[in-house]
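Asker: The following block contains the structure, expressed as structure tokens.
Since every read-out is calculated from the coordinates, none of them should be taken as a lab result. Model, not experiment: these values are computed from the prediction. Neighbour counts run over all protein chains shown; Cβ positions are idealised from the backbone, glycine included.
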Amino acid sequence: MLNAAVIALVAFMTLPTVVVIVVSFNPTAILSFPPSGFSLRWYVNALTYPQFQRAAVNSLWVTLGAVALALPIGTAAALALERGRLRMPTLWATLLLSPLVVPGVAAGLGFLILAASLGLLRSRAVLIAAHVALVLPFVVRSVWVSARNLDATLERAAASLGATPWRVFRRVTLPLLRPGLFAALLFAGVVSVNEFVVSLFISNRVTEILPVAMYSYVVNYTDPTIAAMSTLFITATFALVWLADRFVGLGRVFLHHR
Amino acid sequence: MDNAVVELRGCTRDYGGVRAVDAMDLVIFEGEFLSLLGPSGCGKTTTLNLVAGFVEPTAGRILIDGEDVTGVPAHLRGLGVVFQSYALFPHLSVYENVAFGLRERRAPAAEIARRVGEALELVRLDRQGRQRPAELSGGMQQRVALARALVYRPRVLLLDEPLAALDKKLREEMRDELRAIQRSVGITTVFVTHDQAEALGLSDRIAVMSRGRIEQLGAPREIYERPASRFVADFIGASTVLRGRAVAPDMVALSRDLTIRVIVAEALRVGEEVELAIRPERVRLVAGPADGTAEARIEGLVYQGSMTEVSARLGDGQRVLAFVTEPAPIPLAPGHLVHLKLPADAFMVLA
Amino acid sequence: MKLLLLPALAVIALFAVALGCLLRYSVLEFIPGSLKTGGFTLDNFRSVTAPQYLGVIWDTVWLAAATTALTLAASYPVAYVLARTASSRVRSALLVLTLAPFFTGAIVRTYAWILVLGNAVISWPIPMLFTERGVLVGLVHFSMPTMILLLAAGISHIDPVYERAAASLGAKPARVFWRVTLPLSLPGIVSGSLIVFAWTLSAYPTPALLGGGKVQMIATVVKDRGLDSFNWPGAAAFALLALAMTIALLAGVGRAGARAA
């Protein structure tokens, strides 16, 4: 009985995804169910729409930049939290995780005002900086979990065998942190690519990233182009998440193991 | 004849490719204290879980009070279980923990209060009712677990290595207290342990287990003095195993120059190869050669305070272990030649 | 070692500066038609208490509460199976199915609900799109992955031996859940509910797209005023309100949690 409920709930969670995928192949702009045929025209439309193309490039740069910055910064912070013998580790942790708590609209408006005050309204730098701040909590959290499960005695053993601190970090710590780093990379990338609210505030038609471009489209047009775009997003995401589970075992990142 | 409270008939339990319990037949009688004793992986905890109803047998039946309970879930079997980690509910007080089983049985409030009070008095924790398990020491937690399992007078008490988490001194204290409580309440008890001293000291009967089967079932003295197999002889207490050939119904030649006399229940077949076991405490160190002694050279000494473990090698190369009570009759040092008296009636013939 | 914290703190400082700008603008006078601002004023906060905006605030709180309750009820069974299943295949499948929506982003998911609720795919007897009902469904759907993961993490910390002990004492499965599992999973329930509630208070894409302008929540007001009317001071006041509510929530329950421990 529990299993039946769970199956129904999981179906509820996946229903919209299924609908989007089905609709994306709809031959006409007017939606009908069951679909009247099969067509790839909306995919062509989505992939050739200049605004989407520009937004995709923007997304690529912003996400790459944000992740490239957030990973080392976040890893350093996680190690400092775990090993730095701080006096009030939870306080610092809360501080580092605080962007998660701030409403998107507040952060978005704040960054917009800040950019305007600095005369940086059209700059991609502000966008990347905002993304780094938004993505940092995920990186810190993922790496911290991994760092916490890292047995410090392994590093001591390496030191006793003659490895310098840098070598210990490279040959022992870093490899053992790999699950956390991988999860951090995954989270940071996906959160950044999908970030919408803050980016809506601080980007314009030139600098906007993909979700914002899609939003503009949805508000103005009703054809299934967005369904096609969405299906592409969904496929890429599913593949990434499935891969992550295969190689890292997402259960280990989220659940406690006995 | 006491009546059988628990019966396992041909019980087998497989986990994937591994057979944890192998076609086991076991009868447990009313009021007895039975220990399941064996090394890790022998299947003793699985057997307990079968009786408790936490796992179902792959084959065979389980009866409690003559009623077939195979397939009956754990919460309907009416047993009391004490877990190795105690499993005291952290979010409930000691009182509520003990009252748990009674509340499930819809006992009226007054009765609950009375019985919980009695149970806590029995384990001498009547002043700790309001505390949380986390505030108690390991020994006290164990007693709460016991009270919780006993308060509703189950048919059988099952204990899964309950003393394993305690330090040595506490373990011995709890062992005595456990036995006293069990005797006073008179409840049929199944006790799982890997510690043979515990099993020997507590039980009416012991089932020595290995690889999912019972190697020997009997009273402690019988298990110790007449082990049925090499495994039992090795696992219970220490022993020396000597190999030789029977040259007469009561004589065994260990080597060309060493023949010893043995007194055993069944006469030996001449020419047959035999394995003899002897407990180290029965081997005596004597001053010089005499009847029934063998010469041996000391190889190792382990001082244990009240006695010294002497490991010595016979002329034919076989090793003998002897426990010599301190102070020793003669000076002991590695390399010394000593004379070991091997009493004829101390030998056990291994199957 | 402690110095490794600095870069991250710099990022957070930047974030704080952005919020500081928000604070500053909220007390400046809005000059309609331009981005320039006048002097110090508390008018922006006073406008927050105007009846129509109070109505929006109340609607938001109510919607957030309803979302949290429904999400909790829907997520617990999934979280329980996820945490307790012995089969790693089931666990993987559930994790992927739970996490993937989380990762596909707000626009994609909200658009999906536009399709489903808009009578395009399924004909609903009652109107769902552009109503509060529709927004509620979208919000619950959005919040489920987070709630499921937080609950599952909490449940996986409960040693299964407690459930066995309860069964051995005579409790049938429903009673085991009620007397042991549920109380012990309370920390997960509280943290999950809090996060979902706080997040929902400030949700934007779901009410904006599924509500079609007819369902107003605090976040939509901020966007309308900030981006459409260029009333940055006015929008800032509202944004700060959302921020304050969120912080008050988390602080309040954090203290309650510490007291209960």
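Asker: Helices from chain A with mean Kyte-Doolittle at least -0.5 and a Cα length along the axis of 30 Å or more, per DSSP H: which?
Answerer: Span-like helices in chain A: A:2-24, A:50-83, A:124-148, A:225-248.
Asker: Give a residue-ordered list of calculated ³J(HN,Hα) values for segment C:16-24 (Karplus: 6.51 cos²θ - 1.76 cosθ + 1.60, θ = phi - 60°; whole Hz; x for Gly, Pro).
Answerer: Going residue by residue, I get 5, 4, 4, 5, x, 4, 4, 4, 4 Hz, with x marking Gly and Pro.
Asker: Radius of gyration and Dmax for segment C:89-225's Cα atoms, expressed in Å?
Answerer: 18.9, 61
Asker: What order do you get for A:160-171, B:170-181, A:93-104, B:199-210 when each peptide is scored by the mean count of other beta carbon atoms within 10 Å, highest first?
Answerer: Descending packing order for the listed peptides: B:199-210, A:93-104, B:170-181, A:160-171.
Asker: Around B:Arg211, what is the net charge, scoring Lys/Arg as +1 and Asp/Glu as -1 over all other residues with Cβ under 10 Å from its Cβ?
Answerer: It works out to a net charge of 0.
Asker: With the Cα gyration tensor of the protein assembly as shown in hand, convert its eigenvalues to equivalent ellipsoid semi-axes via √(5λ) and list them largest first in whole Å.
Answerer: That gives 71, 31, 27 Å for the three semi-axes.
Asker: In addition: Name the most mobile residue of C:Pro77, C:Pro125, C:Pro51, meaning the one with the largest mean-square fluctuation, in a Gaussian network model of chain C with Cα contacts below 10 Å.
Answerer: The residue with the greatest mean-square fluctuation here is C:Pro125.
Asker: Could you compute the net charge surrounding B:Glu7? Neighbours are other residues with a C-beta less than 11 Å from the C-beta of B:Glu7; K and R count +1, D and E count -1.
Answerer: Surrounding charge for B:Glu7 is -2.
Asker: If you don't mind, there's one more thing I want to ask. State the volume of the convex hull built on the alpha-carbon positions of segment A:1-122, expressed per residue in Å³ and rounded to an integer.
Answerer: 234 Å³
Asker: Let me ask something additional. Give the value in nm², to one decimal: projected area of the alpha carbon convex hull of chain C, averaged over all directions.
Answerer: 19.8 nm²
Asker: Here is a follow-up. In vacuum, with every alpha carbon of segment C:164-261 counted as one equal point scatterer, what does the Debye formula give for log10 I(q)/I(0) at q = 0.11, 0.13 Å⁻¹? Two decimals, please.
Answerer: Results for segment C:164-261 at q = 0.11, 0.13 Å⁻¹ read -0.53, -0.64.
Asker: Considering just Cα atoms, how many Å³ per residue does the convex hull of segment B:62-206 enclose?
Answerer: Enclosed volume per residue, from the Cα hull, is 122 Å³.
Asker: Still on this structure, please answer the following. Let me check the size of chain B from its C-alpha atoms; what are the radius of gyration and Dmax in Å?
Answerer: 24.6, 79
Asker: For segment B:66-96 and segment C:46-104, what is the separation of their C-alpha centers, rounded to whole Å?
Answerer: 35 Å
Asker: Show the residues, 5+ positions off or on another chain, whose built amide H is closer than 5 Å to the amide H of B:Glu299.
Answerer: For B:Glu299, whose amide H was placed from the backbone, the distant partners under 5 Å are B:Ser311, B:Ala312, B:Arg313, B:Gly335.
Asker: Read phi for every residue in segment B:39-46 and hand back ³J(HN,Hα) as whole Hz from Karplus 6.51 cos²θ - 1.76 cosθ + 1.60, θ = phi - 60°, with x for Gly and Pro.
Answerer: Whole-Hz 3J(HN,Hα) from phi for segment B:39-46: x, 5, x, 7, x, 5, 5, 4.
Asker: In peptide A:110-122, what is the residue-averaged number of other protein chain Cβ atoms found within 10 Å of each Cβ?
Answerer: Rounded to a whole number, the mean comes out at 5.
Asker: Relative contact order of segment A:1-111, please, whole-number percent, based on alpha carbon pairs below 8 angstrom and at least 6 residues apart.
Answerer: 11 percent
Asker: Using all Cα-Cα distances in segment C:51-103, what percent lands in each 10 angstrom bin from 0 up to the longest?
Answerer: 21, 32, 23, 15, 7, 1
Asker: Then there is this: Can you pull the semi-axes for segment A:109-258, root of five times each eigenvalue of the Cα gyration tensor, sorted largest first, whole Å?
Answerer: The equivalent ellipsoid of segment A:109-258 has semi-axes of 38, 22, 11 Å.
Asker: Also, I was wondering about something else. Can you tell me the orientation of helix C:88-103 relative to chain C, as the angle in degrees between its alpha-carbon axis and the longest Cα principal axis, to the nearest 10?
Answerer: That helix lies at roughly 10 degrees to the long axis.
Asker: So what are the radius of gyration and Dmax for the Cα set of chain A, in Å?
Answerer: 21.8, 71
Asker: While we're on this one: Could you derive backbone 3J(HN,Hα) for segment B:147-160 from the dihedral phi with the Karplus parameters 6.51, -1.76 and 1.60 (θ = phi - 60°), listing whole Hz in sequence and x where the residue is Gly or Pro?
Answerer: Computed from phi, the couplings for segment B:147-160 are 4, 4, 6, 9, 4, 9, 6, x, 6, 9, 9, 10, 10, 9 Hz.
Asker: Hey, for a label at A:Thr90 modelled as a point 7 Å past Cα toward Cβ, could you say which residues of segment C:164-192 have their backbone N under 20 Å away?
Answerer: Answer for this model: C:184-192.
Asker: Rounded if a/c is under 1.5, else prolate if a/b beats b/c, else oblate: with a ≥ b ≥ c from the C-alpha gyration tensor eigenvalues square-rooted, which is segment C:123-192?
Answerer: Judged from the Cα gyration tensor, segment C:123-192 comes out prolate (a/c at least 1.5, a/b above b/c).
Asker: Which of these, A:Leu121, A:Leu210, A:Leu200, has the largest mean-square fluctuation under a Gaussian network model of chain A (Cα springs below 10 Å)?
Answerer: Of the options given, A:Leu121 has the highest mean-square fluctuation.
Asker: Share of Cα-Cα pairs in segment C:52-152 beyond 24 Å, in percent?
Answerer: Percent of Cα pairs beyond 24 Å in segment C:52-152: 34.
Asker: Still on this structure: For the protein assembly as shown, give the share of DSSP beta bridges that are antiparallel, in percent and rounded to the nearest 5; count only bridges with both residues there.
Answerer: 75 percent
Asker: Taking only Cα atoms, what is the 0 to 90° angle, nearest 10, from helix B:168-185's long axis to the longest principal axis of chain B?
Answerer: 60 degrees
Asker: If you average the alpha carbon positions of segment C:136-158 and of segment C:215-237, how far apart do those two centres end up, in angstrom?
Answerer: After rounding, the separation between the Cα centres reads 29 Å.
Asker: Please report the Cα spread of segment B:203-268 along all three principal axes, rounded to whole Å, starting with the longest.
Answerer: The Cα atoms of segment B:203-268 stretch 42, 21, 18 Å along their principal axes.
Asker: Here's something else I'd like to know. For C:Asn44, what charge total do you get from the other residues with a beta carbon under 15 Å from its beta carbon, if Lys and Arg give +1 and Asp and Glu give -1?
Answerer: Summing Lys and Arg as +1 and Asp and Glu as -1 gives 0.
Asker: Could you check which residue among A:Leu112, A:Leu185, A:Leu40 shows the biggest mean-square fluctuation in a GNM of chain A with a 10 Å Cα cutoff?
Answerer: A:Leu40
Asker: Quick one: Debye curve from the C-alpha atoms of segment B:13-126, no solvent, what's log10 I(q)/I(0) at q = 0.18 Å⁻¹?
Answerer: So the normalised log intensities work out to -1.09.
Asker: Checking a compactness column here: for segment A:80-169, what do you get for Rg(Cα) / (2.2 N^0.38 Å), N being the number of residues?
Answerer: In units of the globular-protein estimate, segment A:80-169 measures up at 1.52.
Asker: Sticking with this structure for a sec: Using alpha-carbon pairs under 8 Å, 6+ residues apart, how would you state the relative contact order of segment B:175-223 in percent?
Answerer: This gives 26 percent for segment B:175-223.
Asker: Amide H to amide H, which residues 5 or more places from B:Thr259 or on other chains are under 5 Å from it, using H placed in the peptide plane?
Answerer: Result for B:Thr259 returns B:Leu254.
Asker: In addition: Taking R0 as 35 Å, what FRET efficiency do you get between B:Asn3 and B:Leu76 from their Cβ-Cβ distance, rounded to the nearest 0.05?
Answerer: Result of the calculation: an efficiency of 0.95.
Asker: Quick query: amide H of B:Val247 versus all other amide H atoms, modeled in the peptide plane; which residues come in under 5 Å with a sequence gap of 5 or more or a different chain?
Answerer: Close amide H contacts, sequence-distant or interchain: B:Val252, B:Ala253, B:Gly271.
Asker: Using just the alpha carbons, could you tell me how many Å³ per residue the convex hull of segment B:124-280 encloses?
Answerer: So the per-residue Cα hull volume is 148 Å³.
Asker: In µm²/s, what is D for segment C:6-59 at 10 °C and 1.306 mPa s, where D = kT/(6 pi eta Rh) by Stokes-Einstein and Rh is the Kirkwood radius from Cα pairs?
Answerer: Translational D for this selection: 119 µm²/s.
Asker: Can you give the angle from 0 to 90° between the axis of helix B:94-104 and the longest principal axis of chain B, with both taken from C-alpha atoms, to the nearest 10?
Answerer: Tilt of helix B:94-104: around 70 degrees.
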